[in-house]
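Trainee: Provided herewith is a single structure, encoded as structure tokens, for subsequent inquiry.
No value in this document is a laboratory result; all are computed from the given coordinates. Nothing here was measured: the structure is a model prediction, and the numbers come from that model. Every residue, glycine as well, gets a Cβ built from its backbone with ideal geometry; the counts of neighbours run over all protein chains shown.
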Amino acid sequence: MITLLALPLALLSTQQGTGIAQRLAGRVLPQIASLVEELGTAASARGLPIDPLIEKAIEGSAKGIAPERVASALRLVAMQLDTAAAALRDGGLDSDTLAIAAGEFAITAGLSGSDITALARTGANAAALTVGLRVAGTLAALGVPPAEDIGLVSVAMRSGEPGSALLSLPANVQSAMAKGATPAQAAAGLARAAAAQAAHGPPPGRGGGHPHPPAPPHP
Amino acid sequence: MRPESQAADGEIVRAVLAGDRERYAQLVERYRDRYARYATRMLGSVDAAEDAVQDAFVRAYDQLAQCKEPEKFVGWFFLILRNRCFAERRRNRSSASLEMANDVAAVDRADGGAETAEQRRALQRALLELTADQREVFVLKHVEGLSYGEIAERLSTSIPSLKMRMHRAYDKLREQLRDHT
Amino acid sequence: MSGHELHPLIKQLLDGDITLADLPAELRAEGEAALRLLAGVDRTDVSMPAVTWRVMAQLERRRRRFLPWLLAPALAIAAALVVWLVPRTPAPASLVTVRFVLVAPDAKQVSLAGTFNQWDPQATPLVRAGATGVWTATLTLPAGQHQYAFVVDGARWVPDPGAPAIDDGFGRRNSVLTL
């Protein structure tokens, strides 16, 4: 597949190397490249991003992982992309590839489809939700349990926090943990602080819609 | 790194012959390093050895139907690699063996200091001056650590004839190293 | 002891059939010298990770050479691929400078591999700060989601002890960097 596709893509020459074959050429075994093509074609037809598949294939090959294991990991990524997309649709967000990729990351980090739906239901736009999902996944990777995780991120998102504030949540949790808090305690403490701020409403001039009352922690 | 399924060699060979081409990668992965050192010491260069190992695996794939005992793929593969190494030496008889010996020096990891490194280089250069048969018995016994019995079985030859080769190798090495110290 | 040939007993010593103690006194020194010679043989393991994909790629190339009739439908597939492979360009990415640190006093080399450099363990070496065993690298990365790990001595993949970690799908952990 690799050599055959490279020729027509070069002839069409409208892309600067974004084709799957070109991104994988020389980096993965042929059978892995074929699998990525197969999974990628199907994924794209469903409106899913293919970058997570390509990256995972390159990662596995660089790490010297046996092909069967790389193949399993790729199929898992494809499945998780589907789960993330469905969860986002349930939350009212359709087919945003970056948000779906962020959702897939969140699932790898240990969150569930319903956690993703809960974040989507905050009503944030796709860009904000993408950041929110990445942060939620990162917090999960720090050990914050799902309830406190979604609680913190959804409060922060609902209060119209700028992206930079969302992105600093993991560092703030780590600081609190360095002082002796458990991940759950650290996240809950930050959520209370964010809720208190939200009760006063967003500063004038900030976009983000009408203020919501703070959401109860996700059960 | 381990393949997830610990399928036996025979099973993989039969699967490949039945059309599951991609499973050949499992055999390559399993054995590509097993004889890497042997090929490197035989040819005096990691690059040449990589080419030889790659060629041998491709050739083994082509001739897979002729592997009479699929369970003993590795022994059969060794002979293909061996032939490839011997062929390489015949081709490159004229090329600078000094170049190859320097390449081997690059393989040296930092241990024992400059004197040990120089000793190793001298020995590898001297090894390249032996006939391929002499070098092979030396490498199999003193690098790969096989016994004369194991070598005899692998090469389908007798222990006395192996010892004769080896003892000639010892003499030649001593001569080479004495002359060039 | 002159001449080119080693004493037969020395040869037996090298073969491992007898020990130094079995040699007559006048041959011991020569025996030791011969054993030292043998000890100088390079026995380092050699690894050839690239061979696997090179072999499979070569087999695949040869196979394809005999299947030219696949070219026509491949053109159609390629055309379709070009359409859906256009990436949705995210908003212009801001760049963030990040400093990576690993304390590894026993390491001989440390590098960084991750989504930002195609997981290439040779692309981004860390620099050792003197004798303290602190290795660092500073990179400027686009805002977004990144995963990475340190590669110690070319072979050991180690997640960042100070960073959030997730399962990499291969039995190891990757570190997470969310910018």
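Trainee: When only C-alpha pairs under 8 Å and at least 6 residues apart count, what is the relative contact order of the stretch A:35-89, in percent? List each step's numbers first, then the result.
Mentor: Values: 28 pairs, mean separation 21.8, N = 55.
Computed value for the stretch A:35-89: 40 percent relative contact order.
Trainee: I would also like to ask the following. What length, rounded to one decimal in nm, is gained on full extension from C:Leu38 through to C:Arg62, with 0.36 nm per residue of separation minus their alpha-carbon distance?
Mentor: Here the segment from C:Leu38 to C:Arg62 would lengthen by 4.2 nm.
Trainee: Give the calculated FRET efficiency between B:Thr131 and C:Thr97 to the nearest 0.05, with a Förster radius of 60 Å applied to their Cβ-Cβ distance.
Mentor: In this case the efficiency is close to 0.50.
Trainee: How high is the FRET efficiency from C:Asp153 to A:Ala196, r the C-beta distance, R0 51 Å, rounded to 0.05?
Mentor: 0.55
Trainee: Using 7 Å Cα-to-Cβ label points, what is the C:Thr132/C:Ala50 separation (nm, one decimal)?
Mentor: 3.7
Trainee: Determine the shielding of peptide A:132-145 by partner chains: average, over its residues, the number of Cβ atoms on other chains within 10 angstrom of each Cβ.
Mentor: Average per residue, whole number: 3.
Trainee: Identify all lysines with a Cα-Cα distance to B:Lys163 below 24 Å; exclude those on the same chain that are fewer than 8 residues away in sequence.
Mentor: Once the sequence-local lysines are set aside, what remains near B:Lys163 is B:Lys141, B:Lys172, C:Lys11.
Trainee: Next up: Given the Cα-Cα distance of A:Thr41 and A:Arg75 and 0.36 nm per residue of separation, how much length would full extension add, in nm?
Mentor: 10.9 nm
Trainee: For B:Arg165, what charge total do you get from the other residues with a beta carbon under 13 Å from its beta carbon, if Lys and Arg give +1 and Asp and Glu give -1?
Mentor: +2
Trainee: Using the alpha carbon gyration tensor of the stretch C:121-171, what are the three equivalent-ellipsoid semi-axes (square root of 5 times each eigenvalue), largest first, in whole Å?
Mentor: Each semi-axis is the square root of five times an eigenvalue, giving 20, 16, 11 Å.
Trainee: Arrange A:Met157, A:Met177, B:Met42 by Cβ neighbour counts within 10 Å, fewest through most, would you?
Mentor: Least crowded to most crowded, the residues run A:Met177, A:Met157, B:Met42.
Trainee: Place the peptides A:180-193, C:125-138, A:129-142, A:65-78 in order of packing, highest mean first, counting for every residue the other Cβ atoms within 10 Å and averaging per peptide.
Mentor: A:129-142, A:65-78, A:180-193, C:125-138
Trainee: Further, regarding this structure: A:Ala147 versus B:Arg59, label points 7 Å from Cα toward the beta carbon: distance in nm?
Mentor: Those two pseudo-labels are separated by 6.7 nm.
Trainee: In peptide B:20-26, what is the residue-averaged number of other protein chain Cβ atoms found within 10 Å of each Cβ?
Mentor: Across B:20-26, the average partner-chain Cβ count within 10 Å equals 6.
Trainee: A further question follows. Per-residue mean of other chain beta-carbon atoms within 10 angstrom of the beta-carbon, peptide C:159-167?
Mentor: 4
Trainee: If I model a spin label at A:Asn125 and C:Leu20 as a point 7 Å from the Cα along the Cα→Cβ vector, what separation in nanometres do I get?
Mentor: 8.1
Trainee: In addition: Can you sort A:Glu148, B:Glu22 by how many other beta carbons sit within 10 Å, fewest first?
Mentor: Numbers: A:Glu148 24, B:Glu22 20.
Fewest-to-most Cβ neighbours within 10 Å comes out as B:Glu22, A:Glu148.
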